[in-house]
Amino acid sequence: MLDGDGKYAKRASITRLPLHYHTALIFILPAAATLTTDVYFPSTLLTSIRGYNLVLVTINITGAFMDGFFSAWESGETLPNGPKTEALHLVASDVRSFYLSAYTSWAGMLGEAASIAYAKESVFLGIVYILMSIFCAFIAHGLGSDLVQLISSSDPLTNTSYNSTTRAHSLLRKIIIALTMHIIFSCACTEGTVEIDDPDEHGKYWVAVTPRNRLIISMLFATGGAYTGRFIRTTIAQYMHKSTIPIGTLCNNAIFGLLGLSLNIMRLRDVSWAKSFLLRGFTLNFCGGASAFVGHTADNRDLYVNQKHSKGYQRMLLNVLVNLMCAIMIFLIAVEIEGLLHQAQNADDESDAGNDNNNESL
């Protein structure tokens, strides 16, 4: 902690983000994160590198880097030196809770690992994918925290100006307005024509199958998931605050990691569920936003940095081990479901081919 943190801590109680700003960010930040990952992220550069899809692992690692950056501002370890850095301090908690929760995905990591394991016919590669995601995110989180030291103030006396807080509020107001307009403009510009070619299927789904509806549903589910995940984590942590490891994050990732398999489970019953925007939004965006990839990374960094004696390292290793064991169990279930899906698809293809041959012979 820097000198003067006690003085800054007293001031922090009267420089919190106003309630109406906080309420707006609850809805805006997850929607902005969904736009970033689903629309604007340069996925085409990462979809096929040696046959591996690196989009999600890149998103998770960059999300961990940003979480390390904002965690230093939220905790008060670094001091603002002007309106811009004061704005970072004020918005850090909401960015971590809502933007980065929707931006990254623990449940998505397990699903992607299962896809890799099935495609490469190697469970080992899937486990390596999970391990590398966790390890690289841990390193990235530390780099994000180190970056803050380059732009933070080394003189606590520069943080006594209340004019800086006023200007920070003004800056945040402009950012909120800009993000809101960006979200509205993106939705308006997204194509709204129906994607399904079969007229008989147009009335089969509650929501019309259009790219615009897909984007809107994804943003709504991401917002709900980010808020729900934060509520569950904090509630469990309050009742089990004396646990050896952060139990709230563990339970949260276990719950939504399993729920993240719901789309593939329903596809086993009827392949047409793959076209349901509501189910896809729940599985990918709600469960992805509710699961806590950066939460697990932040827990590990906290145990590593704040507990410098050997017991702290032991708790960190225990936390990684328990979460990894839980993740591998869900991953193995996902691999099994992935195999059953492909078997069912192959059986349908063979049946269609047989029907075509019979029709040709007739």
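The values are calculated or read from the model by the stated rules, or taken from the named source; none is laboratory data. Quick caveat: nothing in here was measured; it's all calculated off a predicted structure. Cβ placement follows ideal geometry from the backbone for every residue including glycine, while neighbour counts extend to all protein chains displayed. Note: accessible area is taken over every heavy atom of the protein model, side chains too, but ligands, DNA and RNA are not part of it. Shrake-Rupley method; radii C 1.70, N 1.55, O 1.52, S 1.80 Å.
Conditions tested, residue by residue: (1) modelled with pLDDT of 90 or more; (2) under 30 Å from Met219 (Cβ atoms); (3) among the polar types (S, T, N, Q); (4) assigned to a helix (DSSP H, G or I).
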| position | (1), (2), (3), (4) |
| --- | --- |
| Thr283 | yes, yes, yes, yes |
| Gly289 | yes, yes, no, yes |
| Asn300 | yes, yes, yes, yes |
| Tyr304 | no, no, no, yes |
| Asn319 | yes, no, yes, yes |
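Condition test on Asn306, is it open to solvent by less than 10 Å² (accessible area, probe 1.4 Å) and polar (S, T, N, Q)? No, not satisfied.
Each row is one residue, and each column tells you yes or no for (1) in a helix (DSSP H, G or I); (2) β-branched (Val, Ile, Thr); (3) surrounded by 21 or more Cβ atoms within 10 Å (Cβ to Cβ); (4) more than 18 Å from the chain's Cα centre (by Cα).
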| residue | (1), (2), (3), (4) |
| --- | --- |
| Gly224 | yes, no, no, no |
| Tyr227 | yes, no, no, no |
| Gly248 | yes, no, yes, no |
| Leu258 | yes, no, no, no |
| Ile265 | yes, yes, no, yes |
| Leu278 | yes, no, no, yes |
| Phe286 | yes, no, yes, no |
| His296 | yes, no, yes, no |
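Just one of the listed residues (Leu19, Leu25, Leu46) is modelled with pLDDT of 85 or more, out of contact with any strand residue (DSSP E or B) (no Cβ under 8 Å at 6 or more places or on another chain), at negative phi and open to solvent by less than 50 Å² (accessible area, probe 1.4 Å), namely Leu25. Please work out if Ser272 is open to solvent by less than 30 Å² (accessible area, probe 1.4 Å) and either more than 16 Å from the chain's Cα centre (by Cα) or without any contact (Cβ under 8 Å) to a residue 24 or more places away in the chain (or both). Yes: the conditions hold for Ser272. The set of residues from the range 62-92 being in a helix (DSSP H, G or I), open to solvent by 10 Å² or more (accessible area, probe 1.4 Å) and under 14 Å from Arg301 (Cβ atoms) comprises Phe65, Met66, Phe69, Phe70, Ser71, Glu74, Ser75.
Evaluate the following for Ala117: is it aliphatic (A, V, I, L, M) and within 23 Å of Ser218 (Cα to Cα)?
no
Filter the range 117-126 down to the residues that are open to solvent by 40 Å² or more (accessible area, probe 1.4 Å) and either within 20 Å of Thr36 (Cα to Cα) or assigned to a helix (DSSP H, G or I) (or both) and list them by number. Once the filter is applied, which keeps residues that are open to solvent by 40 Å² or more (accessible area, probe 1.4 Å) and either within 20 Å of Thr36 (Cα to Cα) or assigned to a helix (DSSP H, G or I) (or both), the range 117-126 yields Tyr118, Ala119, Val123, Phe124, Leu125. Which one is surrounded by the fewest Cβ atoms within 10 Å (Cβ to Cβ) among residues in the range 229-246 that are assigned to a helix (DSSP H, G or I) and small (Gly, Ala, Ser)? Applying the filter and picking the extreme gives Ala237. Among the listed residues Gly76, Gly126, identify the single one that is of a type in the set (Gly, Ala, Ser) and either under 22 Å from the mean Cα position of the chain (by Cα) or under 27 Å from Met329 (Cβ atoms) (or both). Of the residues listed, the single one that is of a type in the set (Gly, Ala, Ser) and either under 22 Å from the mean Cα position of the chain (by Cα) or under 27 Å from Met329 (Cβ atoms) (or both) is Gly126.
Return the residue satisfying two criteria in turn: it lies in the range 99-116 and is hydroxyl-bearing (Ser, Thr, Tyr) and part of a helix (DSSP H, G or I), and of such residues it is surrounded by the fewest Cβ atoms within 10 Å (Cβ to Cβ). Applying the filter and picking the extreme gives Ser115.
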